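A short worksheet on the structure shown next.
The values are calculated or read from the model by the stated rules, or taken from the named source; none is laboratory data. Predicted model only: the values in this text are computed from it and were never measured. Cβ sites come from the backbone with ideal geometry, for glycine too, and all protein chains shown count toward neighbours. Heavy atoms of the whole protein, side chains included, go into the accessibility calculation; ligands, DNA and RNA do not. Shrake-Rupley method; radii C 1.70, N 1.55, O 1.52, S 1.80 Å.
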Amino acid sequence: MGDRWTGLLQGLVGNKAAPADVLLRLLGHEDERVRRAVARRAVLPQEVIEAVLVHPDRGVRATFAENAGADPDQRARLVDDPHPSVPLHLAMGPMAYRQRVAPLPDWAYERLLNHPKALVRQELIAWGGTPAHILAGLADHGEPLFRRAACRAWDRLPDEARERLLHDEDPDVRQAAALQACHEDEERTTWLVDRPAGAWQLGEVLARGRLTRELAERVIAEGERLAAIACNPSLPRDLVARLAVDPDPLVRLHVSARPELSESERAAIDYTVGAEDRLPVLDWVWERREDAVLLRECARSPHTWLRRSAAICPGLPSDAVELLAQDEDFAVRLLLAEFHPEPPPELLLDLYLHGTHRAVGMLVVRPGFPTAGLAARFGDSADPDRRRLALHDPGLEPELLDRLSRDPETRAYAARDPRLPVTRIRELLADPDPEAMTAALAAAANPALPADDMRRLLDRAGA
């Protein structure tokens, strides 16, 4: 089968209106890309799920095992799959981007924790998707690797379990426990700093661990990892002042973002935040992400890092949202648009129209994106990105939709529009021009395509 037909069938897999019999035929296709695309769908009829769970291609079953959109109770049915790669994928879990994945049922975690293959057990606890209450139950496990994983559920552990882990016979377990406790324990902070460790771990300890003065002075004298220790809440004030004039601009920047400083003290530090600088959210701001008073202060701060951190916090009050929507820093406005549960509609449109970051193209699917009137404003624009906006207008006229479906720069987007007449969808599907292939694939995914057309497409593809 040629790539054209394979592509059309993959487009058909993505059609939300595809009935069960169509999906079952696709599931039986000779091309593994088509079969596995079916198992990757977020929504599947129950009879198709049943066929996926017993499919002879273990790759299909493994794909469904890590499907972020699938019902976890259905995914869990693969826990005893005869091929070890399938429960391994189940244990590793979905790699979802900015999406919360529902956990498996507890019984499935118990089975995976007792799986005969060590790699399955290890991957289950190595990845971040295992719920904290499952990890907490591993505090007394016979294998050190599992006790170490239990430390990630520190807040759920009783005091006696924490003490056992802090004094565990295995040094790696003690280290994992000490990492959780070091923010309030000077002795363990010093012990961690003096142990061989990766750069990320040392940086975390120096940023969070409770410091003795002796340790703080030693680290500063050594002159390494100063940006990390500059964030540390327990760093003595005179050492903070010393780092505020450090030759390294990154060190000065971290000092300038400390929570206890007044705005005048921040302004006295020679720091800069570049427009392209990628800065993580400040821990002390995120810890108080529902504190409206603090978030207002951050939103009004002249310090860009504080405003960027406030912009992603769900508890940002409406007046601060309005303020940050007009911020001079592009990253502040983009973060607000991406993360706030109710970003201002005019901000979303303005960023889409004028932003240069690749993320602005996704803003059209954010809640509140203003769609009414887009066709009249942008349907005849010389910019194809703006012409595509017309397709989001609920009042889009049929004549403009037809024209957009014939425009080489917008037809692939228009081909998915369910308002497109079936005759035009069929024309797009049948267009043999290689340059129109993307539009043909999109037409196959159009939910307005009749089921009988889908079946005829399968017949012509020999599926």
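Taking Cα atoms only, the orientation of helix 199-208 departs from the longest principal axis of the chain by about 60 degrees.
Please identify every one of the GluC sites (Glu not before Pro) in the stretch 352-439 that sits in a loop by DSSP and has no more than 14 other beta carbons within 10 Å of its own beta carbon.
GLU409
Think of each Lys and Arg Cβ as +1 and each Asp and Glu Cβ as -1; about the Cα centre, that makes the dipole of the chain roughly 1000 debye.
Placing R0 at 60 angstrom, the Cβ-Cβ distance between TRP200 and ASP452 gives a FRET efficiency of 0.60 after rounding to 0.05. The Cα atoms of the stretch 2-84 cover 37, 24, 20 Å along the three principal axes, with the biggest extent listed first.
Computed over the alpha carbons of the stretch 368-412, Rg followed by Dmax gives 9.5, 29 Å. Overall form of the stretch 151-221: prolate. Here a/c, set by the Cα gyration tensor axes a ≥ b ≥ c, is 1.5 or more, and a/b is the larger of a/b and b/c.
If you take the Cα centroid of the stretch 434-457 and the Cα centroid of the stretch 82-155, the two points sit 40 Å apart. Label positions at GLU184 and ALA372, each projected 7 Å from the Cα along the C-beta direction, are separated by 5.3 nm. Apply the a/c threshold of 1.5 to the C-alpha gyration tensor of the stretch 99-251 and tell me whether it is rounded, prolate or oblate. Note, shape of the stretch 99-251 comes out prolate. Of the residues PRO82, GLY69, HIS141, the one whose Cα sits farthest towards the positive end of the charge dipole of the stretch 1-159 is GLY69 (charges of +1 on Lys and Arg Cβ, -1 on Asp and Glu Cβ, taken about the Cα centre). Counting only DSSP H runs of at least 4 residues, each contributing -39500 (n - 2.57), and dividing by the residue count of the chain, the helix-based mean residue ellipticity at 222 nm comes to -14500 deg cm²/dmol.
Remark: spin-label model distance GLU397-GLU214 equals 8.2 nm, labels positioned 7 Å along the Cα→Cβ axis. In whole angstrom, the stretch 394-439 maps to an equivalent ellipsoid with semi-axes of 18, 11, 8, each derived as √(5λ) from the alpha carbon gyration tensor and ordered largest first.
Kirkwood analysis of the stretch 196-252, using all unique Cα-Cα pairs, places the hydrodynamic radius at 11.2 Å. The phi-based Karplus calculation (6.51 cos²θ - 1.76 cosθ + 1.60; θ = phi - 60°) puts the 3J(HN,Hα) values of the stretch 62-68 at 5, 4, 5, 4, 10, 7, 5 Hz, whole numbers, x for Gly and Pro. Taking only the C-alpha atoms of the chain, Rg followed by Dmax gives 27.5, 79 Å. Annotation: per residue accessible area for the stretch 296-342 equals 41 Å², rounded to a whole number [probe 1.4 Å, protein chains only]. Each Lys and Arg adds +1 at its Cβ and each Asp and Glu adds -1 at its Cβ; summed about the Cα centre, the stretch 328-380 shows a dipole of about 180 debye. The charge dipole of the stretch 322-463, taken about its Cα centre with unit charges on the Cβ of Lys, Arg, Asp and Glu (plus for the first two, minus for the last two), comes to roughly 580 debye. What the stretch 201-250 shows is 50 Å² of accessible area per residue, with the surface traced by a 1.4 Å probe over protein heavy atoms.
Using a cutoff of 8 angstrom between alpha carbon atoms and counting only pairs six or more residues apart, the relative contact order for the stretch 355-416 works out to 24 percent. The listed residues TYR413, TYR109 rank as TYR413, TYR109 when sorted by accessible area, largest first, using a 1.4 Å probe. Phi angles of the stretch 281-287 translate, via the Karplus equation with coefficients 6.51, -1.76, 1.60 and θ = phi - 60°, into HN-Hα couplings of 4, 5, 4, 5, 6, 5, 4 Hz per residue; Gly and Pro are given as x.
Between ALA221 and ASP73, the contour length at 0.36 nm per residue exceeds the alpha carbon distance by 47.7 nm. With protein chains left intact and a 1.4 Å probe, residues in the stretch 38-183 average 49 Å² of accessible area per residue.
Considering only GLN326, VAL60, ALA382, the residue lying farthest towards the positive end of the dipole of the chain is VAL60, judged by Cα position with unit charges set on Cβ. In the stretch 1-44, one over the average inverse separation of all distinct C-alpha pairs is 10.2 Å, which is the Kirkwood hydrodynamic radius.
Express the carbon and sulfur contribution to the solvent-accessible surface of the chain as a percent, rounded to the nearest whole number, probe 1.4 angstrom. Each step should come with its number before you reach the end.
On the way: 11870 of 23160 Å².
Here carbon and sulfur together make up 51 percent of the probe-accessible area.
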